[in-house]
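Beneath this line is the structure, given in structure tokens, with notes to follow.
A short reminder: the numbers here are calculations on the coordinates, not readings from a lab. Bear in mind that the values here come from a model prediction, so they are computed numbers and not experimental data. Because the Cβ atoms are built from the backbone with ideal geometry, glycine has one as well, and the counts that use them run over all protein chains shown.
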Amino acid sequence: MSDFAPIDAKARASFARQTMMQTMGAELIETAPGRCVIRAAIAPHLRQQHGAAHAGLAFTIGDSAAGYAALTLMPEDSDVMTVEMKINLLSPAVGEALEAVGQVVRAGRRLSVVSAEVFALTGETRKSIALLQGTMIPVAPS
């Protein structure tokens, strides 16, 4: 069992409690120190009026991927919450699924600066459709 396994298990258990992720059909694909990948199919109920994935889907999985990336570097007895997050939408989110790759830019004692890039996936093609940057804070588990 690797030293990272308990942190991965903690992130996966937390993710499983997020009913929003369940509603969106999102999956936690990977965690690693300072990194997290989340994917969600672009289901019919997650589209905007032009047929692309709604920006809310991109923001939600990007925010969560960045948050879980931060959690992997936080003390074992803490949970994580977003302090602030911004998004730049680069292109319409057209494809089969969205994948958010979150990473820690700088882990501080109290605040962590994070980023996420969201890709639209079609077959083997990945197109960058959004960039997020924000700040996370450790909190006591609820």
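Does the stretch 92-114 contain any residue that is within 20 Å of Met24 (Cβ to Cβ), part of a loop (DSSP other than H, G, I, E, B) and among the small types (Gly, Ala, Ser)?
Among the residues of the stretch 92-114, at least one is within 20 Å of Met24 (Cβ to Cβ), part of a loop (DSSP other than H, G, I, E, B) and among the small types (Gly, Ala, Ser), which makes the answer yes.
Could you give me the residue pairs with C-beta distances under 7 Å whose first residue belongs to the stretch 110-133 and is among the acidic types (Asp, Glu), whose second residue is in a strand (DSSP E or B) wherever it lies, and which are 6+ apart or on separate chains?
Cβ pairs passing all conditions: Glu117/Val101; Glu117/Ser128; Glu117/Leu131.
Kindly indicate whether Leu57 is in contact with a Leu (Cβ under 9 Å, 6 or more places away or on another chain), in a helix (DSSP H, G or I), farther than 18 Å from Ser142 by Cα and hydrophobic (A, V, I, L, M, F, W, C).
Spelling it out, Leu57 is indeed in contact with a Leu (Cβ under 9 Å, 6 or more places away or on another chain), in a helix (DSSP H, G or I), farther than 18 Å from Ser142 by Cα and hydrophobic (A, V, I, L, M, F, W, C).
Table: residues versus (1) surrounded by fewer than 19 Cβ atoms within 10 Å (Cβ to Cβ); (2) of a type in the set (Ser, Thr, Tyr); (3) touching a Pro at 6+ places or on another chain (Cβ under 9 Å).
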site: His45; (1), (2), (3): yes, no, no
site: His50; (1), (2), (3): yes, no, yes
site: Ser64; (1), (2), (3): no, yes, no
site: Ala70; (1), (2), (3): no, no, yes
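Is one or more of the residues making up the stretch 122-134 outside any strand (DSSP E or B), surrounded by fewer than 18 Cβ atoms within 10 Å (Cβ to Cβ) and of a type in the set (S, T, N, Q)?
No, the stretch 122-134 has no match at all.
May I ask you to list the residues in the stretch 3-29 that are part of a strand (DSSP E or B) and surrounded by 14 or more Cβ atoms within 10 Å (Cβ to Cβ)?
Listed by number, the residues that qualify are Glu27, Leu28.
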